[in-house]
Amino acid sequence: MGAEPQGEQEVPFARTKVRVACLVFCGDEVALLRRRRPRGDQYSVPGGNVERGEDLLHALRRELREELDLDLDLGPQEVSEPELWWVQDQLVSRPGPTAPPRKLHFVFRVRVSAGVRAGLATVERDELPDGSYEEGETVWVDYRSTAGLALYPAVGGALAALPGPEGPVGSVLLPALNDRTYRWV
C-alpha cells in the first residue's frame, strides 16, 4: 500500500491575477494613494484586481469609482478616454499564509480637468482580509518626482522619465518585477 496523499501545498506563482491601474493626471501632477508604513510611505497607483470574467475597462471604471470617486464617463472635456500605457509582469514573494500569485498589471492613463480633480475623494478605504479597513490618502505628485517613491506597481522610473504627461511612453512592456527588483515597504 502506498502512503496517504498529503495535503497539496500551493506553488508560488502558479495562479495569475490580472490588475488594472490608472495614472490620473491633472496637468503635470498624478494622483497616487499614500499609506503610512513603519519603514516609510508606500504609494500605489489607483486600481485593483480584475474580477473573474470582467473586462479590463469595466474593472478600471469600477476601481476608479471605488478609490477616487472618479466617473470616467463625464465626457472628453472633463475626463479623457483611458489609454493603455504599460504592462508589467510581477513575480514577487510577499508575506502571508498563501503562496504569492503572478500578477499582470495593465497600467492606463487618463487626464482630468481641475474641476473634476477638486471633487475627487481624498481618502481611500481598502478592506483587509479580516474585514477591517486600512485608509490611504489621495496625494497629487509631480510625475517627474516619482522615480524615488516606493510605488506599486513599480512605474515610478518610467513615469519620471516621460517627456510630459501626454507621452510618448516608449515600450508598453515595463521591466518585470521580481524579488531582486522590488521590495515591499
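Here are some notes:
- Helix-derived mean residue ellipticity, 222 nm - over the chain, DSSP H n ≥ 4, -39500 (n - 2.57), to 500: -3500 deg cm²/dmol
- The chain - accessible surface per residue (Å², probe 1.4 Å): 56 Å²
- Under the combined filter of DSSP loop state and at most 16 neighbouring Cβ atoms within 10 Å, the range 132-185 retains these trypsin sites (Lys or Arg not before Pro): Arg180, Arg183.
- Summed side-chain charge close to Thr16 - residues other than Thr16 whose Cβ falls under 11 Å, Lys, Arg +1, Asp, Glu -1: +4
- Around the amide H of Glu124, modelled in the peptide plane, lie the amide H atoms of Gly136, Glu137, Thr138, all under 5 Å away and 5 or more residues distant in sequence or on another chain.
- Most simply put, the chain has about 65% antiparallel DSSP beta bridges, counting only bridges with both residues inside it.
- Listed values for the range 128-137 are Karplus-derived 3J(HN,Hα) couplings in whole Hz (6.51 cos²θ - 1.76 cosθ + 1.60, θ = phi - 60°), namely 8, x, 7, x, 7, 10, 10, 9, x, 10, and x replaces Gly and Pro.
- Of all accessible heavy-atom area on the range 35-91, the percent that carbon and sulfur account for (1.4 Å): 46 percent
- Under 5 Å between amide hydrogens, built in the peptide plane, is the criterion, and for Leu177 it picks out Asp89, Gln90, Leu91 among residues at least 5 positions away or on other chains.
- Alpha-carbon Rg with Dmax, taken over the range 20-69, Å: 12.5, 37
- Sparsely packed loop sites in the range 19-67 (the GluC sites (Glu not before Pro) outside DSSP H, G, I, E and B with at most 11 other Cβ atoms within 10 Å) comprise Glu51.
- Rounded FRET efficiency, nearest 0.05, which uses the C-beta distance separating Glu127 from Arg102 and R0 of 25 Å: 0.65
- What the phi angles of the range 56-72 give under the Karplus curve with 6.51, -1.76 and 1.60, with θ = phi - 60°, is a coupling list of 4, 5, 5, 4, 4, 4, 4, 5, 5, 5, 5, 8, 10, 6, 9, 9, 6 Hz, glycine and proline written as x.
The values are calculated or read from the model by the stated rules, or taken from the named source; none is laboratory data. The structure displayed is predicted, hence computed values, not measured ones. Cβ: placed from backbone, ideal geometry, glycine included. Neighbour counts: every protein chain shown. Side chains included, ligands, DNA and RNA excluded: accessible areas come from the protein's heavy atoms. Shrake-Rupley method; radii C 1.70, N 1.55, O 1.52, S 1.80 Å.
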